Amino acid sequence: MESENKSIDTNRNYRITIRFNKSEFELIRGFATTTGKSKVSFLRECALQAYIKPRLTPDEILFMRQLVGMANNLNQLARSANAKEEITLEAKALLFQLNWIIEKLK
């Protein structure tokens, strides 16, 4: 098993060059020291174990824009309802649409 790990470690044929400013470098050096690893090992582990958050799809972006517009409308309706102390049919319809979009995003 150990010989397999050594062969994997020595077969690194690709290089990525990255530059850091002084504060970034000191931060990375501090993290590496704290974890007891070299800077290279620390950065490799961070890169390979990082969680990558995917970009929103065009449909998700459309839903988000609709939500923002509906939220603005809902705020206006809420202000109006607070002044009149009633909930309009328009507000109920908007709440139904918001719930539908939220369910689609889940």
Pairing the Cα long axis of helix 58-84 with the longest principal axis of the chain, what angle in degrees results, from 0 to 90 and rounded to the nearest 10? 40
Name the residue farthest towards the positive end of the dipole of the chain from the options Leu98, Leu74, Pro58, assuming +1 on Cβ of Lys and Arg, -1 on Cβ of Asp and Glu, about the Cα centre. Pro58
Relative to the longest principal axis of the chain, what angle (0 to 90°, nearest 10) does the C-alpha long axis of helix 39-49 take? 40
Return one number: the angle in degrees, 0 to 90 and rounded to the nearest 10, between the long axis of the Cα atoms of helix 22-35 and the longest principal axis of the Cα atoms of the chain. 70
Roughly how compact is region 37-97, stated as its Cα Rg over 2.2 N^0.38 Å to two decimals? 2.11
In Å, the Kirkwood estimate of hydrodynamic radius for the chain over Cα pairs equals 19.4
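No lab work stands behind these numbers, since they all come straight from the coordinates. This structure is a prediction, so every number in the text was calculated from the model and none was measured. Glycine gets a Cβ as well: all are built from the backbone with ideal geometry, and neighbour counts include every protein chain shown.
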